[in-house]
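Please treat every number below as a calculation from the coordinates, not as lab data. Computed from a predicted model, the values in this text were never measured in an experiment. Quick reminder, even Gly has a Cβ in these numbers, built from the backbone with ideal geometry, and neighbours come from all protein chains shown.
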Amino acid sequence: MTSTEHLPFTKYTALGNDYLVFDGGHFGTTLDVQQIVRLCDRRFGVGADGILVHCPSLASGPFRVRIFNSDGSECERSGNGLRIYAQWLLDIGAVDRDRFEIDCLAGTSPVEVNNDGTLTVAMGPAVFEPHAIGLTDPSIDPQRFVLDTSAGALDVTALSVGNPHTVVFTPVEPHIQNTLGPQIATHPLFASGTNVQFVARIDAAGMDIDIWERGSGRTLASGSSACAAAAAALSRGSTTAPVTVRMPGGQLTVDRRGTQIWQTGRAHHVFAGTVRPPSPKAVAAL
């Protein structure tokens with residue numbers, strides 16, 4: 001992406017989790033990390049939790065998207081990001097059917113367009129295996145173990161839904177989450193870091209969670225986090241499917257079909273515009 005041209009983008013939100021969508025056909029699919037950081041900055045850029053880049057694909061194949069966090073790192077899969085990208089495809093007329101597929105770094109996700117305007121997206125299986133999560137200690141049972149932190153020992157479950165997650169079942173006060181979130185996200189036990197979900201309340205009907213994303217920090221909502229939290233709770237027998245996962249930004253419905261975890265929710269267009277990406281020199285001056 002050069003800093004001399006104005007590029008069209010569209011901003012979408014899903015439960016307060018917002019992304020900028022770019023068509024990679026305008027500039028290719030390689031982005032400068034510093035430019036991503038600047039574009040996502042809410043004071044010096046457009047402002048977003050991340051960036052989605054539509055990639056060229058074969059006419060007969062799945063649609064392809066690259067997902068970037070606000071710190072410039074590439075994300076394997078994002079539940080809200082996939083719903084936003086699917087809604088963008090519908091809005092631009094790229095899709096005229098109620099079932100299609102999207103490829104991202106973690107693999108292929110089928111999408112279903114529902115009559116009420118919601119989108120149902122497959123997030124793959126929930127995997128409770130140390131190597132899939134990136135645990136540096138393969139002797140740990142990810143489904144339930146104790147994680148030592150500055151706030152004491154926490155009862156957690158670690159899993160992957162295409163990206164790594166750690167679900168904290170020990171009650172943690174919100175003001176302590178701001179310290180524990182980044183501490184767990186960068187804990188040496190997780191080779192590639194981890195997203196973190198703090199369970200505030202859980203029953204047979206659903207659960208309330210707060211979220212700390214490894215690449216974005218505290219987040220109002222996250223589709224993959226909702227799926228991970230629901231899958232972890234289901235594995236413990238703490239709730240039943242389908243699970244209503246309530247987050248500060250709103251709620252998603254998470255269901256299980258065979259081995260696959262599916263999430264259902266909405267995505268909304270916010271505005272469209274053009275932007276001239278900042279030069280690396282300008283970013284470095286911040």
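Given Cβ point charges of +1 (Lys, Arg) and -1 (Asp, Glu) and nothing else, what value in debye, to the nearest 20, does the dipole of the range 163-242 about its Cα centre take?
Details: 4 positive and 5 negative charges, 29 e Å.
Roughly 140 debye, rounded to the nearest 20.
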Under Karplus coefficients 6.51, -1.76 and 1.60, residue-wise ³J(HN,Hα) of the range 69-76 in Hz, glycine/proline x: 6, 5, 8, x, 6, 8, 9, 5
Pairwise label distance in nanometres, Q260 with A204, each label 7 Å out on the Cα-Cβ vector: 2.9 nm
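Using only alpha carbon pairs under 8 Å that are at least six residues apart, calculate the relative contact order of the chain and give it in whole percent. Please list the in-between numbers first.
On the way: 679 pairs, mean separation 62.4, N = 286.
Contact order relative to length: 22 percent.
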Approximate spin-label separation S139-E101, in nm, with each point projected 7 Å along Cα-to-Cβ: 4.2 nm
Between helix 174-185 and the chain: long-axis angle, C-alpha atoms, 0 to 90°, nearest 10: 80 degrees
0 to 90° range, to nearest 10: angle between helix 79-91 axis and the chain longest Cα axis: 30 degrees
Karplus-derived 3J(HN,Hα), 6.51/-1.76/1.60, for each residue of the range 212-220, Hz, glycine and proline x: 10, 8, 5, x, 9, x, 5, 10, 5
Given charges at Cβ of Lys, Arg, Asp, Glu: the range 29-116 dipole, positive-most of P62, A86, C40: C40
Spin-label model distance (nm) - H26 vs A94, 7 Å beyond Cα toward Cβ: 1.3 nm
Pair-distance profile P(r), taking every C-alpha pair of the range 49-124, with 10 angstrom steps and integer %: 19, 57, 22, 2
Those residues of the range 119-155 whose amide nitrogen sits under 17 Å from the label point placed on A191, 7 Å along Cα→Cβ: 127-142
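With +1 on each Lys and Arg Cβ and -1 on each Asp and Glu Cβ, how big is the dipole of the chain about its Cα centre, in debye rounded to the nearest 20?
Numbers: 21 positive and 27 negative charges, 71 e Å.
Taking the Cα centre of the chain as origin, the dipole is about 340 debye.
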Nearest-ten-degree value, helix 223-236 long axis tilted from longest Cα axis of the chain: 20 degrees
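Could you compute the FRET efficiency for S238 and R218, with r as their C-beta to C-beta distance and R0 at 30 Å, rounded to 0.05? Show your work: numbers first, answer last.
Working: r = 24 Å, r/R0 = 0.80.
The formula returns an efficiency of 0.80 here.
Under 8 Å for C-alpha pairs, at least 6 residues apart: give me the relative contact order for the range 148-252, rounded to a whole percent.
Once normalised by length, the contact order is 24 percent.
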The chain - Rg (one decimal) and Dmax (whole number), Cα, Å: 18.5, 55
Peptide ranges 78-90, 181-193 listed from the most packed, as the mean C-beta count within 10 angstrom indicates: 78-90, 181-193
Within the range 225-264: backbone nitrogen closer than 13 Å to the D116 label point (7 Å, Cα to C-beta): 244, 251-254, 264
Which of Q143, T240, V168, positive extreme of dipole for the range 125-264 (C-beta unit charges): T240
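Projected area of the range 125-264, taken from the Cα convex hull and averaged over every viewing direction, in nm²?
Details: hull surface 29.0 nm².
Its Cα hull, projected and averaged over all orientations, spans 7.2 nm².
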Sorted peptide list for 12-19, 256-263, criterion being average Cβ within 10 angstrom, highest first: 12-19, 256-263
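Placing unit charges on C-beta atoms (Lys and Arg positive, Asp and Glu negative, everything else neutral), compute the dipole magnitude of the range 125-264 about its Cα centre in debye, rounded to 20. Could you put the intermediate results ahead of the total?
Details: 8 positive and 11 negative charges, 61 e Å.
In debye, rounded to 20, the range 125-264 gives about 300.
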